[in-house]
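Peer 1: Got a structure here, written out as structure tokens. Questions coming.
The values are calculated or read from the model by the stated rules, or taken from the named source; none is laboratory data. If you're wondering where the values come from, they're calculated on a predicted model, not measured in any experiment. For neighbour counting, all protein chains shown are included, and Cβ atoms are generated from backbone atoms with ideal geometry for every residue, glycine included. Areas reflect the complete protein model, heavy atoms only, side chains present, ligands, DNA and RNA absent. Shrake-Rupley method; radii C 1.70, N 1.55, O 1.52, S 1.80 Å.
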Amino acid sequence: LLPVVMLALAGLVALSHGACDLKIPFPPDAEPSGVGTAPDNKLFVNSDGGQLYLVDPKSRNVEVVGDLTADPAVKGFFGGLPDIEAATWIDGSPFAFLGIENIPCIVEYEWHMSKRVFRVFNLEKFRGRDNLSLEGLAWVPVPTARNQGYFYAASELTGAIFIYDVPILKRTGRNITASLVRKWTSPDVELRALTGIAFIDNYLFLSFDDGDGNMVLIYKVDELGFPGPLQEQYRVDVEDCSGVAIRRQGREAYEVFFTSDSKQKLYAFVFRFQTGFDIHPFCAEADQGAWARRLNATMV
């Protein structure tokens, strides 16, 4: 136990290199309020105005693959424009799953051909208010669950995660209610502005906005699909961070992407457990000057 504690304390002052601004040429009116993984090593980036973009972070290409404002049925359901705050994808699925803030729900969106909403899953007992509502969405596979996994929905108002059983494998109507399985709040941070969540390899990444940057807390998820103990935490210099996505890079590294709504930017890091965030190879030749500081690391 002693060596683990000593190494964890040593991590308090460890430094790593900065963020990589990918300089994505978003449309002038884009408000990149969230990011999620997509097929073919691309990313979904959603905009507050109802648009869904497909971004290739390597080539910097941006393609508009969805616009919820173009669907009259959607406009009627939301009583106005749907405010998309998060996007996620299930490997092999033809749909993108979009988190809506102004009426907390998950939209099942076919973005390839028809470009229309197939179903809307209302989130029972979700707690939010105005623009402090649903801000993050993640799919957590659980083979024993009725629908082979849960959707995690993050509340910016309370900092809590609402875990839902969503009937994506069942034949249903277009407008149904998802069942709340559990509500969970991190006991390790006082911040409540939870603006992004992502899941990979049984790890849950939470991003809390603190104004000048963001706190990233990493939790192990158990075999039942629920968060366990804190593993590591970091402070990252991404101002007005509004979303996070993560994907594997090789055997031990991950690519982590953050969106900034007000800055209209998509940032990239390389992350490794125990050593933290580092400059992404896409920007390795041009250090942007931003930096990330490791606050704490608990080794298991």
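Peer 1: Would you mind working out the magnitude of the charge dipole of region 82-198 relative to its Cα centre, with +1 at each Lys and Arg C-beta and -1 at each Asp and Glu C-beta, to the nearest 20 Debye?
Peer 2: Numbers: 13 positive and 13 negative charges, 115 e Å.
The calculation lands at about 560 debye.
Peer 1: In debye, nearest 20, what is the charge dipole magnitude of the chain about its Cα centre with +1 on Lys and Arg Cβ and -1 on Asp and Glu Cβ, if you could check?
Peer 2: On the way: 28 positive and 38 negative charges, 180 e Å.
With only Lys, Arg, Asp and Glu charged at Cβ, the dipole is about 860 debye.
Peer 1: Say the dipole of the chain comes from +1 at the beta carbon of Lys and Arg and -1 at that of Asp and Glu; which of Pro82, Asn214, Pro94 then lies farthest toward its positive end?
Peer 2: The Cα lying farthest towards the positive end belongs to Pro94.
Peer 1: Gap in Å between the Cα centre of region 121-169 and the Cα centre of region 35-55?
Peer 2: If you average the Cα positions of each part, the centres end up 19 Å apart.
Peer 1: So which residue, out of Asp40, Asp237, Asp83, gets the largest mean-square fluctuation from a GNM of the chain using Cα contacts under 10 Å as springs?
Peer 2: Sorting by GNM fluctuation, first place goes to Asp40.
Peer 1: May I pose another question? With springs connecting C-alpha atoms under 10 Å apart, model the chain as a Gaussian network and identify which of Arg171, Arg146, Arg192 has the largest mean-square fluctuation.
Peer 2: The residue with the greatest mean-square fluctuation here is Arg171.
Peer 1: Which value, in debye to the nearest 20, gives the size of the charge dipole of region 230-282 about its Cα centre, when Lys and Arg are +1 and Asp and Glu are -1 at the Cβ? Show your work: numbers first, answer last.
Peer 2: Working: 7 positive and 8 negative charges, 43 e Å.
Value, rounded to 20: 200 debye.
Peer 1: Which number gives the lysine pairs in the chain that have C-alpha atoms under 14 Å apart and are eight or more places apart or on different chains?
Peer 2: Eligible lysine pairs with Cα atoms under 14 Å apart amount to 5.
Peer 1: Say the dipole of the chain comes from +1 at the beta carbon of Lys and Arg and -1 at that of Asp and Glu; which of Tyr203, Thr275, Gly149 then lies farthest toward its positive end?
Peer 2: Highest projection toward the positive end goes to Gly149.
Peer 1: Further, regarding this structure: As an exercise, use a Förster radius of 22 Å and the Cβ-Cβ distance of Asp222 and Val189 to find the FRET efficiency, rounded to the nearest 0.05.
Peer 2: 0.65
Peer 1: Sticking with this structure for a sec: Compare Val62, Val189, Val216 in a GNM of the chain, Cα atoms joined below 10 Å, and give the one with the largest fluctuation.
Peer 2: Comparing Val62, Val189, Val216 in the GNM, the peak value goes to Val189.
Peer 1: Still on this structure, I have one more. Which percent, to the nearest 5, of DSSP beta bridges fully inside the chain are antiparallel?
Peer 2: Of the beta bridges lying entirely in the chain, close to 95 percent run antiparallel.
Peer 1: Keeping the other protein chains in place, figure out the carbon and sulfur percent of the accessible area of the chain, with a 1.4 Å probe.
Peer 2: With neighbouring chains kept in place, the figure for the chain is 52 percent.
Peer 1: Let me ask something additional. Rank-order 150-157, 207-214 by packing density, defined as the average count of other C-beta atoms within 10 Å over each peptide's residues, highest first.
Peer 2: 150-157, 207-214
Peer 1: If you average the sequence gap of Cα pairs under 8 Å that are 6 or more apart and divide by the length of the chain, what percent do you get for the contact order?
Peer 2: Computed over the chain, the figure is 20 percent.
Peer 1: Measuring with a 1.4 Å probe in the full set of protein chains, what accessible area per residue, in whole Å², belongs to region 95-253?
Peer 2: 42
Peer 1: Given the options Pro32, Gly49, Tyr164, identify the residue whose Cα lies farthest towards the positive end of the charge dipole of the chain (+1 on Cβ of Lys, Arg; -1 on Cβ of Asp, Glu).
Peer 2: Tyr164
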